[in-house]
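For reference, the structure discussed in these notes is given below.
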Amino acid sequence: MRVIVACGNGMGSSLMMKLTVEKIFRKAGVDADIDHSSVGDACGIADNYDLVLCPMTFCDMFAKTKAKVIGVQNAVSAAEITEKLQAEGII
């Protein structure tokens, strides 16, 4: 599975979310390549990924992508990310 996590600038929040998602996937036994990026950059490459994780406010920017898009309120909340990944049947 190819995953990209995105935030406004692609620096702080997306890196922290990437580390959180890696930990969640590792615990669930999910093999994934996870990248992080700014939302602007991620929009241009989202079709190369299976899953996009981003703050809820940016979900509409990925409306035309083939990737599954999951928005989160708290980009570093392992509990929220886990819950959303489980709801989508990803973990």
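Quick rundown of the values:
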{"quantity": "Total charge dipole magnitude, the chain, about the Cα centre, Cβ charges on Lys, Arg, Asp, Glu only, Debye to nearest 20", "calculated": "100"}
{"quantity": "The chain, accessible surface, carbon-and-sulfur percent (1.4 angstrom probe)", "calculated": "49"}
{"quantity": "Asn48-Gln86 FRET efficiency (beta carbon distance; Förster radius 35 Å; 0.05 resolution)", "calculated": "0.90"}
{"quantity": "Local electrostatic count at His36 - Lys and Arg +1, Asp and Glu -1, tallied over other residues with Cβ under 13 Å", "calculated": "-2"}
{"quantity": "Selection of trypsin sites (Lys or Arg not before Pro), segment 7-91, meeting DSSP coil and at most 12 other Cβ within 10 Å", "calculated": "Lys64, Lys66"}
{"quantity": "Three-way shape label, segment 8-54, alpha-carbon gyration tensor, a/c 1.5", "calculated": "oblate"}
{"quantity": "Solvent accessible area, Å² - Ser13, 1.4 Å probe, full protein context", "calculated": "50"}
{"quantity": "Directionally averaged projected area (convex hull, Cα atoms, segment 12-91), nm²", "calculated": "4.7"}
{"quantity": "Theoretical gain in end-to-end length, Lys64 to Asp31 [0.36 nm per residue, Cα-Cα removed]", "calculated": "9.3 nm"}
{"quantity": "Reachable lysines from Lys23, criterion Cα separation under 27 angstrom, eight or more residues apart if same chain", "calculated": "Lys66, Lys68, Lys84"}
{"quantity": "1.4 Å probe accessible area per residue over the chain, in Å²", "calculated": "56"}
{"quantity": "Convex hull per residue volume in Å³, alpha carbons only, for segment 31-71", "calculated": "67"}
{"quantity": "Environment charge at Val52 (Cβ cut-off 13 Å; Lys +1, Arg +1, Asp -1, Glu -1)", "calculated": "0"}
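The values are calculated or read from the model by the stated rules, or taken from the named source; none is laboratory data. Treat the numbers as computed from the prediction; the structure is a model and nothing was measured. Note that each Cβ is placed from the backbone with ideal geometry, even for glycine, and that neighbours are counted across all protein chains shown. SASA here: full protein model, heavy atoms, side chains in, ligands and nucleic acids out. Shrake-Rupley method; radii C 1.70, N 1.55, O 1.52, S 1.80 Å.
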